[in-house]
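A short worksheet on the structure shown next.
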Amino acid sequence: MSKLGVNTLLIFLILFCACRDTPKVSDEPTNNPTATTEEKNIEEKAPATIEIYVWVDKLRLRAEPTTKSDMVTTLKEGQALTFLNERSDFTEKINLRGTLFDEPWLKIATKDGKEGWVYGGGVKFYKIGVDESPTAYDDCFKLQKSRKMTQAIKCIDRTHFRELKKESSLVHESANELTFRLLSGQQFILNNVGRDSVYQFRYYLKEMAAFVVHAKYGTKEGYLLIDDKTGAITRTKGFPKASMDHEYIACTNPDWGDKGNFRGIQLLGYVGNELAVVFEEELEEFRPVIPKWVDENTLQFTLLEKDDKRNKKSRYGQLIKNDEGEWELEL
């Protein structure tokens with residue numbers, strides 16, 4: 001082949017390859033799979049999952065929103081469920097744990113894929129936690145909640161004597177006075193004056209070096225915290241219950257006798273080295289009972305309707321510490 005022929009062949013091959021590598025230009029819109037997938041993901045983005053929590057043990061999951069429907073399974077207290085954004089268009093009155101509810105049914109899914117309907121009175125839209133900072137008197141307060149007042153008084157008396165015996169080296173109680181031996185070795189005395197001032201030991205809060213005392217002044221009642229180091233007195237408006245990190249003390253008072261005492265939630269915390277009120281709110285329409293420290297930043301409690309003499313109407317409330325360090329009440 002001549003030199004001219006070789007050069008012509010090379011030029012032809014170069015042009016042919018260039019044509020193959022050049023993208024085909026078309027007036028039709030391009031099909032961009034990446035863009036389509038992204039748009040599709042935006043369009044089909046699933047709504048945020050809403051979790052609800054069982055607060056009644058052995059709650060029944062049913063195939064349809066009625067107690068006459070087939071049972072799918074039973075649910076455990078504290079179990080997390082996924083709310084499927086469907087409610088019955090009616091409510092039903094059902095008694096759970098001695099409380100009469102009038103709630104709709106909710107469609108849910110369990111973590112293992114079971115779907116069905118649960119009665120709304122048996123679930124909460126926040127987790128009902130376990131009390132991480134219990135006291136010896138909690139069972140007595142549960143009796144009060146159930147209006148078993150005689151049993152509750154006996155329970156408090158029994159617990160009081162047990163706690164007194166337990167701390168006999170630090171506390172001595174007589175009809176006339178309540179005597180404490182402070183860490184310094186000195187004595188601190190509260191004198192009982194007939195019905196005008198009656199003091200009774202409750203328990204020793206060792207982690208915060210404080211004695212908890214019930215104080216009754218005529219018809220008025222409250223509690224005292226006696227500093228074990230100095231004998232300084234901090235008055236509280238309800239039964240003191242310390243958080244598990246011992247940074248806060250929650251005080252709730254239902255004012256069972258409607259004697260004009262504080263009825264609400266009070267929270268004490270350290271301001272410098274002193275305990276001071278950091279949150280307080282009166283709840284005139286409710287009786288707050290059974291406080292539970294779920295974690296260092298969450299206090300949960302039961303709210304009974306004040307005028308419900310049988311305590312059949314109740315709901316939960318909670319006090320939460322936000323990101324700014326402030327406490328917020330959720331009812």
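Just so you know, all these numbers are worked out from the coordinates, no wet-lab data involved. Since the structure is predicted, the reported quantities are computational estimates derived from the model, not experimental observations. Cβ atoms come from the backbone with ideal geometry, glycine included; neighbour counts cover every protein chain shown.
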### Message
Given R₀ = 25 Å, what would the calculated FRET efficiency be for residue 285 paired with residue 216, taking r from the Cβ atoms and rounding to 0.05?
### Response
0.50
### Query
What is region 190-286 by shape, rounded, prolate or oblate, if you read a ≥ b ≥ c off the alpha carbon gyration tensor as root eigenvalues and call it rounded for a/c under 1.5, prolate for a/b larger than b/c, and oblate otherwise?
oblate
### Query
Where in region 244-262 does the label zone of residue 270 land, with the point 7 angstrom along Cα→C-beta and an amide N cut-off under 19 Å?
244-251
## Note on the structure
D (µm²/s, integer) via Stokes-Einstein for region 138-330, Kirkwood Rh across alpha-carbon pairs, 20 °C, 1.002 mPa s: value 123 µm²/s
## Note on the structure
Whole-Å distance linking the alpha carbon centroid of region 125-175 with that of region 258-331 is 18 Å
## Note on the structure
Highest mean packing first, using Cβ neighbours within 10 angstrom, the peptides 140-150, 182-192 sort as 140-150, 182-192
## Note on the structure
Quick shape check on region 50-124: root eigenvalues a ≥ b ≥ c of the Cα gyration tensor, a/c under 1.5 is rounded, otherwise prolate if a/b tops b/c, else oblate, and it reads rounded
### Query
Which links in 58/114; 111/313; 68/148; 154/292; 165/237 stretch past 21 Å when you go from one Cα to the other?
111/313; 68/148; 154/292; 165/237
### Query
Relative contact order for region 50-124: what is it in percent, counting Cα pairs under 8 Å that are at least 6 residues apart?
35 percent
#### Entry: Amide H partners (placed H, <5 Å) of residue 147, local residues excluded
none
## Note on the structure
Each label sits 7 Å from Cα toward the beta-carbon; between residue 80 and residue 308 the label points are separated, in nm, by 2.9 nm
### Task
Could you list which residues have their amide H under 5 Å from that of residue 137, counting only those 5 or more apart in sequence or on another chain, with H placed in the peptide plane?
none
### Message
List the residues, sorted by chain then number, that are 5 or more residues from residue 56 or on another chain and whose placed amide H is less than 5 Å from its amide H.
### Response
78
#### Entry: Loop-resident sites, region 53-112, for chymotrypsin sites (Phe, Trp or Tyr not before Pro), counting at most 14 other Cβ within 10 Å (DSSP)
90
### Query
Roughly how many nanometres apart are two label points built 7 Å out from the Cα toward the Cβ at residue 87 and residue 73?
2.6 nm
### Summary
Rounded to whole angstrom, the alpha-carbon centroid of region 52-102 lies from that of region 223-244 at a distance of 41 Å
### Message
With the cut-off at 1.5 for a/c, could you classify region 244-320 from its C-alpha gyration tensor as rounded, prolate or oblate?
### Response
oblate
### Query
What are the ³J(HN,Hα) values, in whole Hz, obtained from phi via the Karplus relation 6.51 cos²θ - 1.76 cosθ + 1.60 with θ = phi - 60°, for each residue of region 108-124 in sequence order, with x given for Gly and Pro?
9, 10, 8, 5, 9, x, 7, 10, x, 10, 10, 6, x, x, x, 9, 10
